[in-house]
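Presented below is the structure to which this report refers.
FYI, it's all coordinate maths here, none of it is from the lab. Remember, it's a predicted structure, so these values are computed and weren't measured experimentally. Heads up, the Cβs are rebuilt from the backbone with ideal geometry, glycines too, and the neighbour counts pull from every protein chain shown.
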Amino acid sequence: MLSSLETAAHPERLRRVVIDPVTRVEGHGKVTLLLDDEGHVRQARLHIVEFRGFEKFIQGRPYWELPVLVQRLCGICPVSHHLAAAKACDQLVGVDQLTATAEKVRRLMHYGQVLQSHALHFFHLASPDLLFGFDDAVAHRNIVGVIQEHPEIARQGVLLRKYGQEVIRITSGKRIHGSGAVPGGVNKAVSAVERDLLRADIGQVLAWAQAAVALIKRLYEAERAGFDRFASVASNSLSLVDDSGHLELYEGGLRACDASGQILFDHADCGDYARLLREEIKPWSYMKFPFIAALGPEHGWYRVGPLARINNCDRIATPLAETERQAFVALANGQPVQAALATHWARLIELLYCAEAIERLLDDPELSGTELITEGVLRQRGIGVLEAPRGTLFHHYEIDENGLIRKANLIVSTTNNNQVMNESIRQVARCYLDGHQLTEPLLNQIEVAIRAYDPCLSCATHALGQMPLQLDLVDADGRLEDRLQRHADGTVLRCDVPDAADARDRFGACGC
Amino acid sequence: MRCFDPGHVHAVPVAPILVLGYGNPSRGDDALGPLLIDRLQQLQVVGRLAGVELLTDFQPQIEHLLDLLGRERVIFVDAAPGLSAPYRLLPVETTQSQTQPEPQPEPQSSSALQVQDEAQIQPELQVLGWTSHRLTPGALAHLFRSLYGEPPRLELLAIGAEAFELGAALSARAEQNLRVASNWLLKVL
């Protein structure tokens, strides 16, 4: 059910607060809050300037370029796009079943990607909030503070990330812009030397992954009451599961559950995604709002990503992660866990799962097999779906008789989480900001809620010296009443207010 | 040999100089860093630039700390909007202030009430990137010092850029700047 804070009855009578951009997420995000005269929140929205131009960009290009080309969609999760596009291309070239070697090399690449992404998010982006508190001094609440006070944790984060990158380099051929997955298979197996290189450190990686899960459990349980409540939203969940209902990141059927854990559909063919899911357009956001078609837009929105996956699956196929999953589901007595901050816990269970899955694959002789490619007859439609670090990722392509892209549709993980992220910030606005004067720690609470989802806004541009953070309080006439600015150097200043015309100019373009 | 050892990729000692160019090749002038690396790689093919390792990535990241280990000198290469000269070589320690060569208008802060006393902001934080998964070269320098000790000599080669549209080619000005910057870099390497 949609929150009452999505759209205020008389927005023109309310004061507007803008948090632009949200920090420590990938790309550009903006939050707008509308307050009444008593400072009560009447509307809260997360706006994301989604990277929609890419589908147009690739039209007319030959399909075989896709696995390499789509990596430029995102500098943070290029491997997820590489593999999703390759899976779609498998269908385009008429291949429904890869060779064992090809599938295992791709899986290894994918586990490396998820492992490094989850490590980056937890150790670099989320741990400052969790270790020091949401209201800790901004000068301290960052990776530098983590290194100073917890150098071993920081070092482990760096090396876990590095290990995942090495898995990617070995399986895709390059550190970035790799070409390992090709339509119908892979272009290289894993050599004995490469396998030995990864084996040398996997025991250490496993130990660190276990320590990371222990750390998040300790942090969560120390703040259990607050964390259970913070940004908690009862939602449906969508993810892949394998034929036995196990956690599955690379290949499986779609499972959707409602907020109580009842299955809405199960083992659904990913090729039917367009029938099962719809996308709603709202006039105030560039990003669409997907929902489960059978439930409609008001009740059908859902969560994807680590929390949805751990809630949805019946088991995890690796023993250490399964033990941790059982401890996790006990949080809500077997019901789906709905606390946004529990996503961090779920994310680290998945990190552990990936480490175990990598260890298993490294012992599998088929990883070094010689049958790499399967051939088939060209088809006109291909749909590749996998579980990217942030959630279910859909790549859908249609080609013409010359193999050129005629149509492309991508639903990225962050788009799938659009509504649930909005609902989370509304919960935070209602419970923690309502009636209070704006301060950086309060601002950060909104950001903590968003960061739990690790949104990735698919933009790898990073021009120097840009993207400060600004929070403005504007009255109903467009006059700027208050402004906080956080500069790229980390300083936070309360500023003189410019004139009202300036404020109207600024907000006239924000579309809300 | 371990994954975590520097130089394991080639099983040889780490090259004393690293040039790391970063950016998205599909976003107009953001490709300047990777394109400069492409040019240098072509020269390595014909036997030049011995002792120099060339890397490219979308953006500086925390694992690049390990690429700094064992180096004598590291040059980051990035596109820099607002640069009046074709390029500038900047010491990384002061990256944040010097990578805005055309100073931006001060925010309305001349008589600003400071929410947080600037004196309380640790100097090293002034090189941190705050806004995404990426790190600045200055942040890498600081993190390196915290974890591994004194970093190598670190510099940022900022090349003038102006357009970052998806699918766009390099702007004419960026193309020219790339040529000038590449020629200069070849002389000093």
In order over the stretch B:27-43: 3J(HN,Hα) from phi, Karplus 6.51/-1.76/1.60, θ = phi - 60°, whole Hz, x for each Gly or Pro, gives 10, x, 5, 5, 7, 4, x, x, 5, 5, 4, 4, 4, 5, 5, 5, 6
Ranked output for segments B:13-22, A:115-124 by mean other Cβ atoms within 10 Å, highest leading, reads A:115-124, B:13-22
Expressed as a whole number, the average count of other chain Cβ atoms within 10 Å around the Cβ atoms of A:139-147 is 5
Averaged over residues of B:23-34, the number of beta carbons from other chains lying within 10 Å of each residue's Cβ is 4
Rounded to a whole number, the mean other protein chain Cβ count within 10 angstrom for residues of B:147-154 is 1
Over all Cα pairs of the stretch A:254-304, the Kirkwood radius sets Rh, and Rg/Rh then becomes 0.99
With no solvent term and unit scatterers on the alpha-carbon positions of the stretch A:314-432, Debye gives log₁₀ I(q)/I(0) at q = 0.10, 0.14, 0.17, 0.22 Å⁻¹ of -0.55, -0.91, -1.07, -1.24
For the stretch A:122-215, the Debye formula with one identical point scatterer on each Cα and no solvent gives log10 I(q)/I(0) at q = 0.11, 0.14 Å⁻¹ as -0.46, -0.66
So the compactness index of the stretch A:84-241, its C-alpha Rg divided by 2.2 N^0.38 Å, takes the value 1.28
Packing-ranked peptide list from B:139-149, A:268-278, highest mean Cβ count within 10 angstrom first, is B:139-149, A:268-278
Simple spin-label estimate for B:Leu186/A:Asp269, 7 Å along Cα→Cβ, in nm, reads 5.7 nm
Quick shape check on the stretch B:146-189: root eigenvalues a ≥ b ≥ c of the Cα gyration tensor, a/c under 1.5 is rounded, otherwise prolate if a/b tops b/c, else oblate, and it reads oblate
Cβ density ranking, 10 Å radius, fewest first, applied to B:Asp30, A:Asp242 yields A:Asp242, B:Asp30
Between A:Glu371 and A:His10, the FRET efficiency computed from the C-beta separation at R0 = 56 Å comes out, to the nearest 0.05, as 0.25
